[in-house]
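Any read-out appearing in this document is the output of simple, stated calculations on the displayed coordinates, not a laboratory observation. All figures in this text were calculated on a predicted structure; none of them were measured in a lab. Glycine gets a Cβ as well: all are built from the backbone with ideal geometry, and neighbour counts include every protein chain shown.
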Amino acid sequence: MSDPADILARHRFEYETAGLDVGEVDPDPMTQWRRWFDDAVAAGCTEPNAFVLSTVDEDGWPQSRYLLLRAADERGFTCFTNYDSAKSRELADTGRASMLFTWLQLHRQVRVTATAERVPDAESDDYFASRPRGSQVGAWSSPQSQPIPDRAWLEDRVQQMTATFVDADVPRPAFWGGWLLRPESFEFWQGRPSRLHDRLRYTRDQRDAAAWQVARLSP
Ligand SMILES: Cc1cc2nc3c(=O)[nH]c(=O)nc-3n(C[C@H](O)[C@H](O)[C@H](O)COP(=O)(O)O)c2cc1C
């Protein structure tokens, strides 16, 4: 059997992929993000729209969890969740988030810092209506992030909610909806040989909020 400690210490992967340069990237980081997302889809990366959302809790502890991205447009990134969950409380309290996209097959990651606000209710309604019925009932059934007695308690709730909405459309719960994460900065990271990776950081131009400055960071 392999020794996990040995694998962790010895595993090395030489990144042979093409580089990333200031002259080649799009001046708009959302367009650049879209290019990399499209590359991830084309490369068959698993769940290419999964990202790690990090928030800071009321005691100052960073908290991270995966979410699925549901939209990316000129405003920013949109994801959906329970508004009473731990993450939503933290997004509401701080108004801030960090997002991390990782496409390991391409040796790429993108870090984003963003402000957080709820999307308009109509957008949450539209997205909720597009979800499979089981997910809709699941949203009603789960007091996300709260301790519950056991699995049977959850399954009972699902049965109750299924009975409540039998023969009817499942409406969006007021406690469930979207967050719009508006980017403040991006860092595109491309793995390169000998750990001499490429890192390009976009920050908002101080004189023109619609424009971005790009800087190369040392790996
Ligand atoms: C790949 C993946 C995608 C996920 N997508 C979502 C999502 O879109 N929305 C969501 O509420 N939870 C999603 N989850 C579950 C969250 O990671 C997390 O467990 C849950 O939202 C509760 O987080 P919180 O207690 O920090 O609020 C996902 C988990 C994984 C592993």
Compactness check, region 124-219: C-alpha Rg relative to the 2.2 N^0.38 Å globular estimate gives 1.80
With -39,500 (n - 2.57) per DSSP H segment of 4 or more residues and division by the full residue count of the chain, the 222 nm estimate, nearest 500 deg cm²/dmol, is -8500 deg cm²/dmol
Across Asp84, Asp156, Asp39, the residue with the highest GNM fluctuation in the chain (Cα network, 10 Å cutoff) is Asp156
Ranked on Cβ counts within 10 Å of their own Cβ, fewest leading, Tyr66, Tyr83 go Tyr66, Tyr83
With the convex hull built on the alpha-carbon atoms of region 68-134, volume per residue in Å³ sits at 132 Å³
Proxy exposure order for Ser194, Ser185, Ser64, Ser54 (fewest C-beta within 10 Å first) is Ser194, Ser64, Ser185, Ser54
Taking every C-alpha to C-alpha distance in the chain and binning by 5 Å from 0, the per-bin percentages run 1, 6, 12, 15, 15, 15, 12, 10, 7, 4, 2, 1, 0
